[in-house]
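Comments concern the structure below.
The values are calculated or read from the model by the stated rules, or taken from the named source; none is laboratory data. Everything numeric here is computed off the predicted structure, so don't read it as measured data. Virtual Cβ from ideal backbone geometry, glycine too; neighbours counted across all protein chains shown.
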Amino acid sequence: MGFEKLRNAVRGRVLVTGDADFERASQPWNVAITQRVACVVEAVDAEDVAAVVRFARDAGRPVVTQPTGHTPSLDIETAILLRTGRLNGVEIDAQARLARVGAGVQWGQVQTAAAEHGLTGLAGGNPVVGVTGYTLGGGLGWFARKHGWASEAVRAFEIVDADGRAVRVTADSDADLFWALCGGGGDFGVVTALEFELFPAEGLYGGRVMWPGVRQAEVWEAFKELTAAAPDELSVWFERFQFPEAPEMVAIDIAYLGDPGEGEQLVSVLDRIGGAISDTRAAMSVADLGAITAEPTNPSPSISSAELLADLDDDTVKVLLGESVAPLINIQVRHLGGALARTSPEAGARGPVTAPYVVYLLGLGLPQLRNAVAAKQSAMADALGAHIVPGKPYTFLAPGEQAAAAFDAATIVRLREIKQARDPHGVLRANFPVQA
C-alpha cells in the first residue's frame, strides 16, 4: 500500500524517500545512528495520530513514535515513523498541582511554566528531552530520590490505541494498561498528552564543582561521604571526564530540593578539596536544572551504556577509577536510593530499584572511535561482573539492547501479556519492544 491515502488522511506532513526533508525528519537526536524507515509523518494533533495508526493497521506496517528522537530505533525499515513534536501545549493547574502536556513537550518547557508557581516536575538533566518518552520509560531525574520515578507522578494518559481509537487511561479506568504505560515503554499506545502531578519547589541549590583529574581520590571519598548520609532531597553524581585534547577532569554534580542554605551546608565537604577549576553551586530556579550538567542541547553523536551497581567496594572502584577514561568522554556514577527503592510494584511497570548506584558510560559516536568506545564499555561491564544488578532504567537502554534488560522476569511476562491483549498484530512498536 502506498502513502497517498495517508497524505489525504492527515493534516501534517507525510515524507517518503526522495522528499527534500525526509532524511532530516527520520534522523534521531543521536546523529551517530541512522534510522531507516518507510515513511515519516509529522502529526499536528491527536486526530492525525489516530489516522496514522488506522492506516498502519490496515497496511500491515508498524508505527514507531518519537516526539524528540532522543531514543532511536533499529530494524524499522518498513515502519511509519510518527513525529509528535508539534503536540506541544502546556497547561499548569497550580492550585491542583497538575500539569497537562502534549506529547511533544520538552522538560524545559514544563520546568519554566511550573517554576512560576513555585512547583516542579520530576525532570531529568537535559531541558530538551521529551516528557513523554522519558516518562513512559520511568523517568530518572534529579528529584527521583525525593519523589520517585516520573511515571509515578502520572495521573492520566491520553492515547491512541492499536485500533486507532482515542482513549483516556487512568488507574481507575484501565488498571492494567495504566500500569504498563507507567514505565513499560511505548508499546501499548501512542501518547498524545499526559497529566501528571507537580511538587513544591520552594528552593533549589545545585551546580557542579570540577577539579583536575589528580584530585580524583579526594573527590571520590567526598562522593562516598555525601551519599552515605544524603537525605532524600539531595542527589549527588560523580563524574570523570576526558574531553578531546584536554586533560582528565573529575567533578561532583549536586541538586538539593529545599532551602539553599541547608543545601550549601550539606555539601560543604566539597570545600575541603583544593584546586577546583570551576564551581557553579548556587541557589537556582528549577527552570534552570539543565545548567547543572550543561549537557548538549543540539543533536550530537554518542554511544552510551549503563549498569546498576550493588556496591562500591574495592573491586568496583578499581574498575571505575583504575584506568583512564579514554576513549570514553565520561564515566558517571549516580546515587540512587530514597523513594526509588520504596516504589510499589503496583504503581507501574518500572517498580522499585534497590541498587544504590547506576554507572553511565558515554563516548563519542564518531566513526573512528565507535569500535574503541564499544570495546571499553563492554570491558568495563565485564570487569564489574557480579557487582551489576539486573533491571537497569529503561531510558538508559542502548540501541541493540532488549527491553527485558530493564525488568524482572515477572514484569516482562506481564508486559508481554498486556501487549498481546491490546495489540496482537503489533501495530505499535516501542523503541525497545517488550516482545522478545
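So the values come out like this:
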{"item": "Complete set of residues in segment 263-287 that are among the charged types (D, E, K, R) and either touching an Asp or Glu at 6+ places or on another chain (Cβ under 6 Å) or touching a residue at least 12 places away in the same chain (Cβ under 8 Å) (or both)", "result": "GLU264, ARG272, ASP279, ARG281"}
{"item": "Any hit, segment 230-242, residues being among the small types (Gly, Ala, Ser), more than 23 Å from LEU122 (Cα to Cα) and not in a strand (DSSP E or B)", "result": "no"}
{"item": "Residue that is out of contact with any Gly (no Cβ under 8 Å at 6 or more places or on another chain) and buried (at least 19 other Cβ atoms within 10 Å of the Cβ), where the choices are VAL63, VAL101, VAL53, VAL105", "result": "VAL63"}
{"item": "Lone unmet requirement of (1) farther than 22 Å from VAL317 by Cβ; (2) buried (at least 16 other Cβ atoms within 10 Å of the Cβ) for VAL358", "result": "(1)"}
{"item": "Exclusive hit being in a loop (DSSP other than H, G, I, E, B), modelled with pLDDT of 95 or more and more than 28 Å from ASP163 (Cα to Cα), set GLY337, GLY426", "result": "GLY337"}
{"item": "Tally, over segment 228-248, of residues that are farther than 22 Å from ALA201 by Cα and under 25 Å from the mean Cα position of the chain (by Cα)", "result": "6"}
{"item": "Wholly within segment 24-114, strands (runs of 3 or more DSSP E) carrying at least 3 residues that are farther than 29 Å from ALA201 by Cβ and modelled with pLDDT of 95 or more", "result": "39-42, 63-65, 80-83"}
{"item": "Number of positions in segment 234-271 that are farther than 26 Å from PHE199 by Cα, surrounded by fewer than 18 Cβ atoms within 10 Å (Cβ to Cβ) and of a type outside the set (Val, Ile, Thr)", "result": "8"}
{"item": "Test: residue in segment 351-360 that is touching a Lys or Arg at 6+ places or on another chain (Cβ under 8 Å), without any contact (Cβ under 8 Å) to a residue 40 or more places away in the chain and assigned to a loop (DSSP other than H, G, I, E, B)", "result": "yes"}
{"item": "The listed residue being modelled with pLDDT of 95 or more, small (Gly, Ala, Ser) and under 23 Å from ALA287 (Cα atoms), out of GLY206, GLY213", "result": "GLY206"}
{"item": "Qualifying residue in segment 110-131 (condition: under 24 Å from LYS419 (Cβ atoms) and of a type outside the set (D, E, K, R))", "result": "yes"}
{"item": "Selection within segment 293-319 - among the polar types (S, T, N, Q) and in contact (Cβ under 8 Å) with a residue 40 or more places away in the chain", "result": "THR293, THR297, SER300, SER302, SER304, SER305, THR316"}
{"item": "Any pair with Cβ under 6 angstrom, 6 or more apart, that starts in segment 162-186 at a residue that is over 25 Å from ARG83 (Cβ atoms) and modelled with pLDDT under 95 and ends at one that is acidic (Asp, Glu) and crowded, with 24+ Cβ neighbours inside 10 Å", "result": "none"}
